[in-house]
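Read the structure below first, then the notes.
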Amino acid sequence: MSTSSLAKQPALSESKGHTSLQQALAAELAEMETQGLLRQRRTLETPQGARVRVDGREYVAFCSNDYLGLAAHPELIEAAREGAARFGVGAGASHLVLGHSGAHAALERTLAEFVGLPRALLFSTGYQANLGVVTALLGRADAVFADRLNHASLNDAALLSRAEFKRYPHFDLDALERLLAGSRARRKLIATDAVFSMDGDVAPVPELAALAERHDAWLLLDDAHGFGVMGPQGRGVLARSGVRSPRVIYMATLGKAAGVFGAFVAGEPEVLEALVQRARAYIYTTAAPPLLAHTLQKSLELIRAADGRRDHLRGLSRLLRERLRLKRWTLAPSESAIQPLIIGGNREAVAASEALAREGLLVPAIRPPTVPRGTARLRISLSAAHGAGDVERLADALNALQ
């Protein structure tokens, strides 16, 4: 099914009784199709992994964030069974009513210890966690200073908080310092991806922490793509940086390298208690199933012991770079499992993705607004579950497309 398949469906605006509002939406969707921006869902028919069956066909997948290959690990499956037997399935209530189980409390303690911070708080998703942090701590009298390539959740959080929203060019610390120095905000927060989800590069955490100290600001690190993969024992980008500061607010997700679901925020006790009391994304939602919290205890054990997987993953990144022979496209610098192949045009990126799919290789085309205009790309996600042969096959297919 191609990306233009939606446009091939019967025109909704032709249906009996259609309103002008629906007709306007149909026109907007048609324009998105013209620009090569329509997206589609594929149907996964197997557990997540390096090899999957999608819509009835077998593929090698390079589109998952399951960086350590844990999503279908037999020990996690067994832990989930144990958790369901012990805690049931649904949490049944929000954390502040009666949804906070012993499994949640135990996992928060383990996560705080794992990342070396005083306290941790579970959220259902990373998106909710970022919204919760920024809107709970900042308001109209405050300011957010954000890297221009930050994840959408950080941008949405800043807008929702009603704080002044200042964006600085990617990794331009001089521009960031000028913005901080010129601000008269009551509270300041620097917000950044730790590993940038579409570029794979790593934020300069020590320098950002120094700026936060110099200008009396918090530093919010979104480590969705570094947790489990980077740092000693996979403890994340913050541990990798060696920074220890009460100004750091650390967020990481648990559905990527950890292979399960959820997110957490870690930091100073006063900050975390403020989130419990004020973060609407935490207060007004049902707690995640406790069986998942139980499963994540096993996941953290596997992450601690996964140095071999992390070494293998780094080796796959090196192999891809050595094997590619690019003529028109550019592989952006990245030391992470995310390897962005910059193509430029939307339609060319989609065509490359579809050509790879015909060869049994799934690599997603990423287009605006997820990335800046003119930088449409193939986002190659490597996993410890891939073998060297998988990466060589992908590189050979990409070389043939040049």
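Are any of the residues in the stretch 184-196 polar (S, T, N, Q) and farther than 26 Å from Ala376 by Cα? There is no residue in the stretch 184-196 that is polar (S, T, N, Q) and farther than 26 Å from Ala376 by Cα. Of note, Ala257 does not satisfy the criterion of being touching a strand residue (DSSP E or B) at 6+ places or on another chain (Cβ under 9 Å), crowded, with 24+ Cβ neighbours inside 10 Å and under 30 Å from Ala72 (Cβ atoms). When Asp222, Asp216 are screened for being under 18 Å from the mean Cα position of the chain (by Cα) and either assigned by TED's automatic domain parsing to the domain that holds Leu121 or of a type outside the set (A, V, I, L, M, F, W, C) (or both), only Asp222 passes. Tallying residues that are assigned to a helix (DSSP H, G or I) and touching a residue at least 24 places away in the same chain (Cβ under 8 Å) within the stretch 153-172 yields 7.
Please work out if Leu382 is among the aliphatic types (A, V, I, L, M) and touching a helix residue (DSSP H, G or I) at 6+ places or on another chain (Cβ under 7 Å). It is true that Leu382 is among the aliphatic types (A, V, I, L, M) and touching a helix residue (DSSP H, G or I) at 6+ places or on another chain (Cβ under 7 Å).
Does Met251 fit the bill of being among the aliphatic types (A, V, I, L, M), closer than 20 Å to Gly116 by Cα, outside any loop (DSSP other than H, G, I, E, B) and in contact with a helix residue (DSSP H, G or I) (Cβ under 9 Å, 6 or more places away or on another chain)? When the stated conditions are applied, Met251 passes them. The strands (runs of 3 or more DSSP E) falling completely within the stretch 34-147 that include 3 or more residues that are more than 19 Å from Val260 (Cα to Cα) and assigned by TED's automatic domain parsing to the domain that holds Gly315 map to 57-61. Being part of a helix (DSSP H, G or I) and out of contact with any His (no Cβ under 8 Å at 6 or more places or on another chain) is a description that applies to Leu292. Test Ala239 against the stated conditions and say whether it is among the hydrophobic types (A, V, I, L, M, F, W, C), part of a loop (DSSP other than H, G, I, E, B) and touching a residue at least 40 places away in the same chain (Cβ under 8 Å). No.
Residue pairs whose Cβ atoms lie under 7 Å apart, separated by 6 or more positions or on different chains, with the first residue in the stretch 21-45 and closer than 14 Å to Ile366 by Cα and the second charged (D, E, K, R) and at pLDDT 90 or above, are Gly36/Arg347; Gly36/Arg367; Leu37/Arg367.
Just one of the listed residues (Arg377, Arg309, Arg314) is within 24 Å of the chain's Cα centre (by Cα), closer than 28 Å to Ala79 by Cβ and either touching a residue at least 60 places away in the same chain (Cβ under 8 Å) or not in a helix (DSSP H, G or I) (or both), and it is Arg309. When you scan the stretch 133-152, how many residues do you find that are buried (at least 21 other Cβ atoms within 10 Å of the Cβ) and under 16 Å from the mean Cα position of the chain (by Cα)? Counting residues in the stretch 133-152 that are buried (at least 21 other Cβ atoms within 10 Å of the Cβ) and under 16 Å from the mean Cα position of the chain (by Cα) gives 3.
Scanning the stretch 331-342 for residues that are outside any strand (DSSP E or B), over 28 Å from Leu37 (Cα atoms) and not assigned by TED's automatic domain parsing to the domain that holds Ser161 turns up at least one hit.
Just one of the listed residues (Ala384, Ala352, Ala400) is in contact (Cβ under 8 Å) with a residue 12 or more places away in the chain and over 23 Å from the mean Cα position of the chain (by Cα), and it is Ala352.
Checked against (1) assigned to a helix (DSSP H, G or I); (2) on the phi > 0 side of the Ramachandran plot; (3) buried (at least 22 other Cβ atoms within 10 Å of the Cβ), Gly228 passes all but condition (1). Checked against the criteria, Leu320 counts as surrounded by 18 or more Cβ atoms within 10 Å (Cβ to Cβ), touching a residue at least 60 places away in the same chain (Cβ under 8 Å) and farther than 30 Å from Glu113 by Cβ.
The values are calculated or read from the model by the stated rules, or taken from the named source; none is laboratory data. Given the structure is predicted, the values throughout are model-derived calculations rather than measurements. Neighbour counts run over all protein chains shown; Cβ positions are idealised from the backbone, glycine included.
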